[in-house]
Each structure stands twice: as structure tokens, then as C-alpha cells.
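Step one of this worksheet: look at the structure below.
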Amino acid sequence: MSAFLYGAALQWRLDIRSKSLLITCYVVPLLFFIVMGGIFTSLTPGASATLIQSMTVMGVSMGALVGLPPSLSEIYGGDIKKVYRANGVPLSLGLATTFLSAFVHLLLMSAILYIAAPLLFGAARPRDPLLYTLSLAIFIAASLGVASVLGLAVKSQAKLTMFSQLVFLPSIMLSGIMFPAELLPRAFGAAGRLFPAAWGYRAMLDGGFGPGSLWPLGLLLAVSAILCALLLKKLEKDA
């Protein structure tokens, strides 16, 4: 347990100094919020009622799907994996500490949005902060689970960037945060429900916390955990 806590603290310090994590978890989501928050509330009646949820979905998806996979690829595609093996450290430790560090960073970014949106744009805060926070935590975990699969499965940084964008862009465009999902063609609407963003957005809306929106997130997280376990076993055999 002490080794895990030390590893998590070390990963936290490394992530704080990481320019890529700073950009994907803080700079881009918050700039998007500042620009699009004003546009949404000016052009769309009632946008302030869901502004916190929609901007949070965008920020979490960006930080998880674009920010986390390169960190995992760096660990398991380079010399760090050899250091783990040489010192008898389980390969799963790198995934666990990186996952936990990214989870905390995304929670912090979401807290900034939660505080700033009402102050800057008059956004309405969720009626039940506890249920909102629980929904957010489950959504972040599911998003990081999908991102972890990408980071472990794709070893090439160039290909990883492409695959991350192929998951990130549809998940945002088809989630319902840019425009109502009901307006999408049926095939696009069905495709959007394959990503955590659509279900996370529904769960965080007032009255959205319930089995209908939470079980898909739980399923995505469970499938991601199984795939990560299989990929880690494959990495151990290849080492």
C-alpha cells in the first residue's frame, strides 16, 4: 500500500510538470469554456441551465481521451516498463497511479468549471450537488477506462494521436452537448451512445442520476477494466 501511495504521489508531481497534461486537462477545456460559454448563453435560450454539465463533459473527455493515452504509451512503450520489470514492480502500478492522478486532475478542472460558470455566465448549478458529484466521478472513471485501453493497445505515438481523436471527436459531437441528441439521425444517435460522454451528460443533468444513465457507464468501465487486464498480461509476456 505504501508503494502504491508513493507511486501515486510521484506520478502526481510528474503530471503537474507535464505540459501536455496542463494543456489537455486545464488550458484547452478552460479556454473552450470561456469562449463557448459566452456563445452558448448568448445564442441558445436556456443554455445556462446545462452549461456546467456540457462544459464539464467536454473538459473531461479532452483530458481523458487525449491527455491520458500518451502518458501510458510513454510508460509501457519505453524504458520505464523495463525499470518496473528489473525492480519487480507490477506493470499494473503504472496504470493505477496514472489513472488516479488523471482522475484527481479532472476533478479539479471540473470544480473550476463548477465555480466559474455561475460567476461568468450566470449558469445554474445542479440542484443536488451530491448526485452531480457522484455522476461526475463515475463519468470520469469510465472515460479514463476507455482512454487506458487506447494507451495500452496502441504503441505508436502517431497512431495513438489519431485513434484518440477518432474517439474524442465523435464522443463530443454526438453526446448532445453541442446540440440536442434528438436532432441527430438515428444511426448517429446510436453511435453516440457507445461513448461515455453521452451517458455522462445525461447522468449529470438534474433528474438524470439513475440506472438508465449509470449502468452504461458502469458497463463501459467494466469492459475497459477487463481489456486493460488482458493488455497488461500481454505486455508482461512480451517483456
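The values are calculated or read from the model by the stated rules, or taken from the named source; none is laboratory data. All figures in this text were calculated on a predicted structure; none of them were measured in a lab. Every residue, glycine among them, receives a Cβ derived from its backbone with ideal geometry; neighbour counts consider all protein chains shown.
For the reader, a short list of remarks on this structure follows.
- Single residue of Thr50, Thr24 found to be at pLDDT 90 or above, surrounded by 17 or more Cβ atoms within 10 Å (Cβ to Cβ) and of a type in the set (S, T, N, Q): Thr50
- Filtered by the rule that a residue be farther than 18 Å from Leu51 by Cβ, polar (S, T, N, Q) and either in contact with a Ser or Thr (Cβ under 9 Å, 6 or more places away or on another chain) or buried (at least 18 other Cβ atoms within 10 Å of the Cβ) (or both), region 152-209 gives Ser156, Gln157, Ser164, Ser171.
- For region 170-183, the tally of residues that are over 13 Å from the mean Cα position of the chain (by Cα) and within 19 Å of Pro29 (Cβ to Cβ) stands at 7.
Matching residues to (1) of a type in the set (S, T, N, Q); (2) at pLDDT 90 or above; (3) part of a loop (DSSP other than H, G, I, E, B):
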residue: Val83; (1), (2), (3): no, no, no
residue: Val89; (1), (2), (3): no, no, yes
residue: Leu113; (1), (2), (3): no, yes, no
residue: Ala124; (1), (2), (3): no, yes, yes
residue: Ser135; (1), (2), (3): yes, yes, no
residue: Ala147; (1), (2), (3): no, yes, no
residue: Leu152; (1), (2), (3): no, yes, no
residue: Phe179; (1), (2), (3): no, no, yes
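- Lys234 being charged (D, E, K, R), farther than 24 Å from Ile39 by Cα and either at pLDDT 90 or above or not in a loop (DSSP other than H, G, I, E, B) (or both): yes
- Leu120 assigned to a helix (DSSP H, G or I) and more than 25 Å from Arg193 (Cα to Cα): yes
- Residues that are assigned to a helix (DSSP H, G or I) and either under 21 Å from Val223 (Cβ atoms) or modelled with pLDDT of 95 or more (or both), drawn from region 154-166: Leu160, Phe163, Ser164, Leu166
- Each residue in region 210-239 was checked for being surrounded by 14 or more Cβ atoms within 10 Å (Cβ to Cβ) and basic (Lys, Arg), and 0 of them qualify.
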